[in-house]
Structure formats: structure tokens, C-alpha cells
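A.B. asks: Just dropping this structure here.
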Number of protein chains: 2
Amino acid sequence: MNNDLYAQINPPHRLLMGPGPINADPRVLRAMACQLIGQYDPAMTEYMNQTMALYRQLFRTENRWTMLVDGTSRAGIEAILLSAIRPGDRVLVPVFGRFGHLLCEIARRCRADVHTIEVPWGEVFTPDKIEYAIQRLRPRALLTVQGDTSTTMLQPLAELGDICRRHDVLFYTDATASFGGNALETDAWGLDAVSAGLQKCLGGPSGSAPITLSPKMEAAIRRRRCVEQGIRTAEHRDGEEEMIYSNYFDLGMVMDYWGPERLNHHTEATSMLFAARECARVMLEEGLDKGIARHALHGEALVAGLEGMGLRIYGDKQHKMNNVTGVVIPEGIQGEQIRHCLLNDFAIEIGTSFGPLQGKIWRIGTMGYNARKDCVMQTLSALEAVLNRHGFRTVQGAALQAAWDRYDASAGVTR
Amino acid sequence: MNNDLYAQINPPHRLLMGPGPINADPRVLRAMACQLIGQYDPAMTEYMNQTMALYRQLFRTENRWTMLVDGTSRAGIEAILLSAIRPGDRVLVPVFGRFGHLLCEIARRCRADVHTIEVPWGEVFTPDKIEYAIQRLRPRALLTVQGDTSTTMLQPLAELGDICRRHDVLFYTDATASFGGNALETDAWGLDAVSAGLQKCLGGPSGSAPITLSPKMEAAIRRRRCVEQGIRTAEHRDGEEEMIYSNYFDLGMVMDYWGPERLNHHTEATSMLFAARECARVMLEEGLDKGIARHALHGEALVAGLEGMGLRIYGDKQHKMNNVTGVVIPEGIQGEQIRHCLLNDFAIEIGTSFGPLQGKIWRIGTMGYNARKDCVMQTLSALEAVLNRHGFRTVQGAALQAAWDRYDASAGVTR
């Protein structure tokens, strides 16, 4: 690390195997190094249109309004919630980890009437439980987290769209942590809005939030339309409902900027758009299904290796995300000591935990550019060495053999 | 331009001489191409601290809370307004162009009681006029634009701090367009909050908003403190005033994330932070005063050249920004035709205009990496050629000679 204030950026080499951000795909970094173009340059608006088309494929949707919010994944969440939820609207949030609490927190800032249902951390909800709560509470919107990195759990969403449609509920999911590494079918699952980020399975930096909005969600947002005074003309008319209490996150304005009218709003963050487009391009070059299978494979190999080391996996293994694994910190081991030793002596970062899980589990990611065999093998071998040094005994070779076995099984090799 | 959806990013070469974004400094692009590090990596938190220190120098402030908002410059404006203005607070906005209207628009979204004073476009306010309005309206905050790119005017701010202090008014300015190319003295001028962006004189991409907050502004924000449920502990206490109606733009939370507690909020946009730090480093390497003088020089040379071409400069020349020049489109010339020809045949972009000035002026920027002699000379020579082709007569050689004369005068050369 260079402490000189005037030195050039020169970050140390790290293998980022935490819950994200992870190392960016070098192709994404190169895309960001491209020179800028003007925001209304035909080449720029063409890149914006292409970005919409590429993300429609990743979101598995026909939604016209598939675009970027210029901010981190949290900005994408807030843009959707502020635009969709009117003050006083009742919303239901099934909370199964920290990011469910975040949805509540943001909904509260929208002045929503927030109701929650909870399951213990490490579990997910059955559709019945969610439908029962919807019947009881009659919310306007169901706000879900698909993959909550705090617990590594993946909430099944496939059956919730029908439930929401039956009860006329807007259906949103925060797919920040899961997107690109686990199945997500926006249209088939009846989602009205999804938000994501680049810094997890997409292999890019934090700072741009891809979102998609269904026609139903678009209509809800259009009813709150406002056109900025500085650019409005006689043809512009405001919507019949209460305005959105943010300009930056007013998705009606963001649509008008990404749409054919190209009404000036923010100045699109060009380099981040280049990054977002390249993330999508790289993922589609591999093929979305193949990419998800790759995340499943490396997640399973990591789990096999960790169990081979005698470690216990946290939570309901049937419902964990492909791309993040919670590992119970063994009795007598100081979790932070292990993390620091891994970082300082191997330049490998694994994740700590929040809230009730703090000090109880590590979180290891295998996602995006780092959903690779070499990353898994290096992490397992370094972790075993560090644990051994701190007094945790393992059977020599067992961890890596187990991971190899998982890889070989997938390659159809018998050993 | 490449229309292939699956092709790599390959933007056409452009010389961006509009009101911003402009071409990024290649060093900033290289900084963004650096590999990522974890958000709590000691190297990352050190870069965050360095970024604070570097921007304190650029803002000419001792303010502790000098940091980045992860979004475009508009996000920086909204974060300050949403955090500072409580619903019902009275605010005063002196409007002298489009971005004054934007401040009104955002303040309205904060549910403020918004009052404006106006001068004709192309002019600025005298301190008296602003003090009179403050005395009459007794606002809680004065929201100003330092440089309004829509009119190219630069509002003098030096005397407003004393006025605000006398009347106990919070003093904010939006320095997006002016920052780094025109003097700004946060502490000496008594500013309580300033926001900026990278895509103008700083020579970076849009997508990160440097801001600074005075201790008085910090105190106002702290009174509205909220700690997120997912991460709050027994020691955390909320403020006594109404919460901030945004989580992403809650600057209390952003301070807790940039401060020693490092309370998790958004995941810092690492690549944009690298860009922001490099923008500041490059500017301080040159020296802030020298950089401002450079902006003045190239702005004046451009003006000399345009006048030498027989074109008229828009607005009050005594109060224009160094870095943007409004040019009155001559009688009988179609402004957009000229812009398209410049872009298509010379790859040079100059700006159009908004609202009442649409079709009446072009805006030409000389800022950041493009505040250079070669950029000015190429733009003048291309513009003259294009104007000639469209029937506007000029005296051969006069434009470029005038620009050269201005440069030679500054170099102390007599010709």
C-alpha cells in the first residue's frame, strides 16, 4: 500500500473471495479505460440502446424499460422503491437477512406503511407463508430479496408472481447478490421490477445498477409524472398522482432520458455504462445458462472442499446461493485472525458477517470472474494452511481431494 | 460507430468541446482500469481518506466531511438538499439559468417552501439583491449555482457567506460546472456545502460527486440521524429531528461510512473513486491556481478567436465562466447543421442549448484536459471552415491570428 497522497493509484494485488465486490473481469476494466463521448453523441445513445437490449436478455424479459440507474446497487433499489411507493402505501417485506431489513429501511424513508414477516436467518420462506401474509395485510407491493448475502440464502421466487397477480400486488425483487449466478426469470416469474448491481456475479465494479420495470410498474410510475421546469414544454403534462419525492431517482424522468425523447436528466455516467455493457456482453458471450451452471459448479466444489476440511456450511444448503457460501467458524478459532492472515500472507480476501452472524460465520464468494477453479483451489489451500497454523486440525489432502472430486464428477471423469 | 450488440466497446474518436462531459485525462482513464480491492481493505480505506484530503485542498476547506457521493453531480446536489432541507423549510434560489430551476425542482421534491428571485439569462445577481430577498423571506437555506452552464454565467459568491451568517442562513452552492476552472473558496467565502462533479474542469467521467460540508451543515444533518436496523447496535441513537427521506442520500450515513466507524452503507464505487482521486491528484500536481489560470487563458483565447471570426459572445462577459463560452448563432445559420458538420467531418463536438436559448447560442467548452491550445486552435479552425461552407463570411486568418495574439500576450511575446 502506498501512503503517499500524491502517488498514482496502485492498488495491491488481491484475490477477492468475499461476498463482493470481487475482482473485475479484465475486459470490463479495459472497457472503462475507453475515452469518453458526448451524452447525445449518436454513438453514445446507440450504446445506451444496446445496453438496454443486452440487459433484457440477462433479466429474461421483454420489458422496454430495462436500463441503468447511475449509482450503486442500493441506488437501484431506492429508485424503484421511491418511484413505486407512494407515502402511506402498505408494503410487505419478507425478511430473512440484513438486506430484507434494508428494504424495510428504504421503504420507511418512502413513508410506506411497512409490514414484515420473518424466518430465522439461514432459512427462506415458503410461498404459502408469503401468500398468507398478503391475504392478511393486503399490501400494494411485495418487496423481496432474491439472494441475501448476509445469510447466503436464495429465496425461491418462481411461484410468487402468480400470488401477486391474484392479489393485485406489485412484485419487486432485489437481485443484487444473485443476478447472473442464479436463475432469474423476470417475465416468467411475473416480476414487476428487479434491480441488480455489477459487483457480484457480473464481474464489474460497484457504481451502476441495472434495473427492469414491467409495463404495470411503468404505468404506476407514469401516474406520478413530473417534467423539470427548466426543460418542460407546453406538450408536457404531469401525472394525476402524488409526485415522486426525488428527482435523481424519479424513474419517470430516467425513462424519458433513456427513451426516444432523450429528455435531459443526469449526465449518464459514461465509463460505468461502458462497464455495465461489457459485463453483460461478456456474460452473454459465455451464455447465461452456462454462466449460472459455472457458478453452481464452483460453489459446489468450494462446499465440498470446506466440508472435506471438517468445516460446517451455514444455513439451509438446499436454498443457498450458488455464489456465496457461509462457513461456520470452528470452536476456538478467532474468525478475524484467520481473515487477516489470509489477506496479509496470501492476498486472499474472504468475508466477515453482519449482525447476529458477526463472529459466527465467514462468507466465501465464488462469483463473476472469480467463479474459477484456480480461485477455489487457491482459497481452499490457503485457508487450510492458515487454519492449521491457528490450531485447527485437518486431514491432510482431504479438502482439496474433495474439491477435485467434485470437479472430476462434473467433467465425467472417474477416479 | 459499431452497431453490433456483441462487439466490444469501441467509441469513435471525438474532441469534446461542449459544456461537458469533455475528454477525460488519459491518466484518469488508466486509474479506472486498475483492478478492484475490497471495500474494507486497508488499501481501500486509505484511498478513501486520501480522496478526502485531496478534495479538501481543491475545495479550499478544512471541512472534515469532504467526500464523494456515488452518483452523477446531480446526485451530489440531491444528497445535500435532501439531507439539509426538512419538509416545510423555506429556501431561496436565485435563478439565472437552467440549473437554478433544477435546484428549485429538487428542493420541491424535498417538500421545501421554495422561493426564487430571477435575473434575465446572461446576467448574475448582485449581493444586495440576494440580501434583500433574504431579509424579506427569512429562508433557512440559500441555494445557489456557481456556474450555470446553460448561460455560461458565473455567480460571484465571495460576499454571500457574510450575508448568510448575519441572517443565520445555510449557504450552499452547486459548483458542478465551475469547480477547478474558476476560483472557489469554501471556507473563506463561508460556504456550508458545495457539490461538484468530475466531468467538467476535473477531466474525469460523470458518475462521482465530490462534496464538502461545514461543521454547521454537519450539525444540521446529525439532528436527523437514523442508523439502519440491520446494522444498529445498542449504542446507536437517532437524532431529534425528522428523518431524511432517503437512505442512499442520507449524508449522516455517508459520513458514518467515510468516518472511522466505517458503518456499512452502499458499497463504494471503487473505480469511480479511483477516477475521482486521480482527477484531484492531477489537478494538484499542476497546482490549483495554475489550473484556474490555464482555464482563463484558453477561455480568453477562444473568445478572441470567435470575435475575430465576427461572432458575438453571449451574455455578460465580465461574469462568464472561464471554461464555457456562449456564442450567438449568426442570422441565417442553422445551429444544428453546423454542429452536425463539426461532429461528422471534424469529430469535434460543441454544445447546443436549453430552454429560451435553444437554437440561439452554441456553447463551447475549454475545460479540464481540453483546456489546451491545440484544442482551441483546432476548434476555431474547424468552426470557421464549417461556417464558411454554410455561407457565413469571415476575414481569412483573422480568427486564428486573434487567438494567437492572446496566447502570445500571455507568453510575454510581442509580435
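The values are calculated or read from the model by the stated rules, or taken from the named source; none is laboratory data. These figures come from a predicted structure and were not determined experimentally. Cβ: placed from backbone, ideal geometry, glycine included. Neighbour counts: every protein chain shown. These accessible areas exclude ligands, DNA and RNA; they are computed on the full protein's heavy atoms, side chains included. Shrake-Rupley method; radii C 1.70, N 1.55, O 1.52, S 1.80 Å.
A.B. asks: Where a Cα-Cα gap under 16 Å defines reach, which lysines qualify for A:K290, not counting those fewer than 8 residues away within the same chain?
C.D. replies: Leaving aside lysines fewer than 8 places away in the same chain, those within reach of A:K290 are A:K373.
A.B. asks: Oh, and also: Between copies, how far does the label point of B:A409 sit from its twins, in nm, shortest first, when each point is 7 Å from Cα along Cα→Cβ?
C.D. replies: Sorted ascending, the copy-to-copy spacings read 8.1 nm.
A.B. asks: Could you work out, residue by residue across A:65-76, how many beta carbons of other chains sit within 10 Å of that residue's beta carbon, and then give the average as an integer?
C.D. replies: 4
A.B. asks: Oh, and also: Local charge sum around B:L170 (other residues, Cβ-Cβ under 12 Å, Lys/Arg +1, Asp/Glu -1)?
C.D. replies: Details: positive: B:R86, B:R90, B:R140, B:R165, B:K216; negative: B:D89, B:D168, B:D192, B:E218.
Here the charged neighbours net out to +1.
A.B. asks: Same structure again: Apply 1/(1 + (r/R0)^6) to the Cβ-Cβ distance of A:S381 and A:E235, taking R0 = 51 Å, and write down the FRET efficiency to the nearest 0.05.
C.D. replies: With R0 = 51 Å, the Cβ-Cβ based efficiency is 0.20.
A.B. asks: While we're here: If the elastic network links every pair of Cα atoms under 10 Å, which of A:N388, A:N323, A:N247 fluctuates the most in the Gaussian network model of chain A?
C.D. replies: Residue with maximal mean-square fluctuation among A:N388, A:N323, A:N247: A:N388.
A.B. asks: A further question on this structure: Which residue, B:R232, B:R165, B:R363, tops the fluctuation ranking in a GNM of chain B built on C-alpha contacts under 10 Å?
C.D. replies: With Cα springs under 10 Å in chain B, the top fluctuation among B:R232, B:R165, B:R363 is at B:R232.
A.B. asks: Related question: If one takes the longest principal axis of the Cα atoms in chain B, at what angle in degrees, from 0 to 90 and to the nearest 10, does the Cα axis of helix B:42-59 lie?
C.D. replies: 60
A.B. asks: If packing is taken as the average number of other Cβ atoms within 10 Å across a peptide's residues, how do B:202-210, B:52-60, A:116-124 rank, most packed first?
C.D. replies: The most tightly packed comes first, giving B:202-210, B:52-60, A:116-124.
A.B. asks: Moving on. Given the Cα atoms of the protein assembly as shown, and with Rh set as the inverse mean 1/r over their pairs in the Kirkwood sense, what is Rg to Rh to two decimals?
C.D. replies: 0.98
A.B. asks: Also: If I take R0 = 45 Å and measure r between the Cβ atoms of B:K317 and B:R64 in this structure, what FRET efficiency does the formula 1/(1 + (r/R0)^6) give, to the nearest 0.05?
C.D. replies: Computed FRET efficiency for B:K317 and B:R64: 0.70.
A.B. asks: Turning to a different aspect of this structure: How much of the accessible area of the range B:26-283, in percent, comes from carbon and sulfur atoms when a 1.4 Å probe is used?
C.D. replies: Its accessible area is 49 percent carbon and sulfur atoms.
A.B. asks: Compute the Cα gyration tensor for the range A:89-200, then decide on rounded, prolate or oblate, letting a ≥ b ≥ c be the square roots of its eigenvalues: rounded whenever a/c is under 1.5, prolate when a/b is larger than b/c in the other cases, and oblate in all that remain.
C.D. replies: Rounded.
A.B. asks: Once the convex hull of the C-alpha atoms of chain A is built, how many Å³ does it hold per residue, rounded to a whole number? Can you show the working numbers first?
C.D. replies: On the way: hull volume 63.7 nm³, N = 415.
Cα convex hull per residue, to the nearest whole number: 154 Å³.
A.B. asks: First measure r as the distance between the Cβ atoms of B:H115 and B:K290, then evaluate 1/(1 + (r/R0)^6) with R0 = 45 Å and state the FRET efficiency to the nearest 0.05.
C.D. replies: The value I calculate is 0.70.
A.B. asks: Looking at B:A403, B:N323, B:I350, which one has the Cα that reaches farthest to the positive end of the dipole of the range B:288-410 (charges on Cβ: Lys, Arg +1; Asp, Glu -1)?
C.D. replies: The listed residue farthest towards the positive side: B:N323.
A.B. asks: Computed from the mean reciprocal separation of all distinct C-alpha pairs, what Kirkwood hydrodynamic radius does the range A:288-410 have, in Å? Each step should come with its number before you reach the end.
C.D. replies: Details: mean 1/r = 0.0692 Å⁻¹.
Computed over the range A:288-410, the radius equals 14.5 Å.
A.B. asks: If you line up the long axis of helix B:288-308 against the longest principal axis of chain B, both from Cα atoms, how many degrees apart are they, to the nearest 10?
C.D. replies: 30
A.B. asks: List the residues of the range A:16-38 whose backbone N lies under 15 Å from a point placed 7 Å from the Cα of A:R372 along the Cα-to-Cβ direction.
C.D. replies: The answer is A:16-18, A:22-30.
A.B. asks: In debye to the nearest 20, how big a dipole does the range A:288-410 give about its Cα centre with +1 on each Lys and Arg Cβ and -1 on each Asp and Glu Cβ? Can you show the working numbers first?
C.D. replies: Numbers: 13 positive and 12 negative charges, 29 e Å.
Using only the charged Cβ atoms, the result is roughly 140 debye.
A.B. asks: What's the carbon and sulfur percent of the range A:288-410's accessible surface, probe 1.4 angstrom, rounded to a whole number? List each step's numbers first, then the result.
C.D. replies: Numbers: 2590 of 5370 Å².
Carbon and sulfur together cover 48 percent of it.
A.B. asks: Another question about this same structure. Please tell me the relative contact order of the range B:288-410 in percent, rounded to the nearest whole number, where contacts are Cα pairs under 8 Å and at least six residues apart.
C.D. replies: Relative CO of the range B:288-410 lands at 35 percent.
A.B. asks: So how tilted is helix B:398-410 from the main axis of chain B? Cα-based, degrees 0 to 90, rounded to 10.
C.D. replies: Roughly 50 degrees between the two axes.
A.B. asks: Taking a label point 7 Å from Cα toward Cβ, how far is A:I333 from its twins in the other copies, in nm, shortest first?
C.D. replies: 7.2
A.B. asks: Distances from A:E285 to the same position in the other copies: list them in nm, one decimal, shortest first, using label points 7 Å from Cα along Cα→Cβ.
C.D. replies: Those separations, rounded to one decimal, come out as 3.1 nm.
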